[in-house]
Amino acid sequence: MSSSSIDNNLAGRLALITGASGGVKNLVVSLIQEYERTYPNRQPPRSSVHKADLSDVEETLGLCEEAKSVHEKPVDILIANAGFGRRITDIEDIPLDVFEHTINVNLRAPFLLAKSVAGGMKAQRWGRIVFISSISGYGVGLNGCRTSPTPLDANALSYILRDYAASKGGLTSMMKNLSTRLAEYNITANDVSPAMIGETGLLPSGDSVPGLVDSIPLGRLGTPQEVANVVTMFCTTGYITGQSVVLAGGLNHK
Ligand SMILES: NC(=O)c1ccc[n+]([C@@H]2O[C@H](COP(=O)([O-])OP(=O)(O)OC[C@H]3O[C@@H](n4cnc5c(N)ncnc54)[C@H](OP(=O)(O)O)[C@@H]3O)[C@@H](O)[C@H]2O)c1
């Protein structure tokens, strides 16, 4: 591919973003408002909202079809952001149905979505797949991440969710495999693996978990905007693929 055919332009692309009712909701609205302020004479990005239960196979597949049919084009960019996690401290207390639900929403749904959009991306030889994984996929949770001696509330330790960690680890592994399989079609696959992002359903504020903020080397929670910054970088930088960016304020994930 010559440098003149390198295409990182996102104008006119169709992005399917899941989980937009959560922490990213206000962000999407503010990005559209910012676009309208910056380019007052341009047509604003066309957006549509679709409802689907991502623990359900048919609804997940239907979501892709609906987006393609409403916008009359293939999905160019998949951002699989929706996620589910419940705090249960002890593995013995995790019911099988909760484990399965977590895997279905966090891992099976991104698989189904990637499978649904891959054909269109291959045909046009352009695509971006971004999964929102988690630092827990690296085998560490809040406890394992801790670098400060500040004591944490006992409930906080239950953040180390085994089912959640398993689903996110699977997501990062699937991303790495997809990146090698899809590169020849000029489709990239990457993930953001955050920890401690505030203003979200999972973590509304620093006060949600006593002692948490003090345990983060940068001394604060991350923001949805900072997650979006990394997603944007992946979408506008087609030479990155197979990468997982840990966005965790300096928490140790090794
Ligand atoms: N916040 C953090 O510190 C943090 C850290 C690591 C990773 N993450 C990941 O970041 C992503 C976004 O989460 P968030 O932090 O923004 O939390 P959030 O505000 O709770 O957002 C989660 C989103 O996932 C959606 N969702 C959950 N179950 C669903 C289902 N069965 N079907 C359809 N949608 C479903 C929720 O929709 P409803 O509200 O309609 O249920 C919501 O829009 C998740 O993948 C999460 O695992 C977050």
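Throughout, read-outs are computed from the coordinates displayed, never taken from laboratory work. Bear in mind that the values here come from a model prediction, so they are computed numbers and not experimental data. Here the Cβ is made from the backbone with ideal geometry for all residues, glycine too, and neighbour counts use every protein chain on show.
Which residue fluctuates most in the GNM of the chain (Cα springs below 10 Å): 39, 185, 239? Residue with maximal mean-square fluctuation among 39, 185, 239: 39. The stretch between residue 208 and residue 59 holds 50.4 nm of extra length on full extension. This uses 0.36 nm per residue minus the Cα-Cα distance. Between the amide H of residue 247 and those of 193, 195, distances stay under 5 Å, these residues lying 5 or more places away or on another chain, with hydrogens modeled in the peptide plane. Take the Cβ-Cβ distance between residue 185 and residue 31 as r, set R0 to 30 Å, and report the resulting FRET efficiency rounded to the nearest 0.05. With R0 = 30 Å, the Cβ-Cβ based efficiency is 0.60. Please list, or write none, the aspartates and glutamates whose alpha carbon is within less than 12 Å of the alpha carbon of residue 122, excluding same-chain residues fewer than 8 places away. By straight Cα distance, residue 122 reaches 76, 184.
In this Cβ point-charge picture (+1 for Lys and Arg, -1 for Asp and Glu), the stretch 1-145 has a dipole of about 760 debye about its Cα centre. Among residues other than residue 183 with Cβ under 14 Å from its Cβ, the summed charge is +4 (Lys and Arg +1, Asp and Glu -1). Can you tell me which of 19, 83, 201 moves the most in a GNM of the chain? Springs connect C-alpha atoms under 10 Å apart. Looking only at 19, 83, 201, the biggest GNM fluctuation is shown by 201. Work out the charge dipole of the stretch 11-247 with +1 on the Cβ of Lys and Arg and -1 on the Cβ of Asp and Glu about the Cα centre, then indicate which of 192, 239, 204 is farthest towards its positive end. Value: 239. Ranked by the mean number of other Cβ atoms within 10 Å of their residues, highest first, the peptides 92-99, 109-116 come out as 109-116, 92-99. Full-extension gain between residue 48 and residue 232, please, as 0.36 nm times their residue separation minus the C-alpha to C-alpha distance. Separation in residues times 0.36 nm, less the Cα-Cα distance, equals 64.3 nm.
As a calculated quantity, the FRET efficiency between residue 115 and residue 243 at R0 = 25 Å, using C-beta atoms, amounts to about 0.75.
Taking 0.36 nm per residue of separation and subtracting the current Cα-Cα distance, fully stretching the chain between residue 73 and residue 13 would add 20.7 nm. About its Cα centre, the chain has a charge dipole of approximately 820 debye under the convention of +1 per Lys or Arg Cβ and -1 per Asp or Glu Cβ, with nothing else charged. Couplings 3J(HN,Hα) of the stretch 223-232, computed from phi: 10, x, 4, 5, 5, 4, 4, 5, 4, 4 Hz, in residue order, whole Hz [Karplus 6.51 cos²θ - 1.76 cosθ + 1.60, θ = phi - 60°; x for Gly and Pro]. Think of the chain as a dipole: +1 on every Lys or Arg Cβ, -1 on every Asp or Glu Cβ, centred on the Cα centre; then among 15, 139, 52, 15 lies furthest on the positive end.
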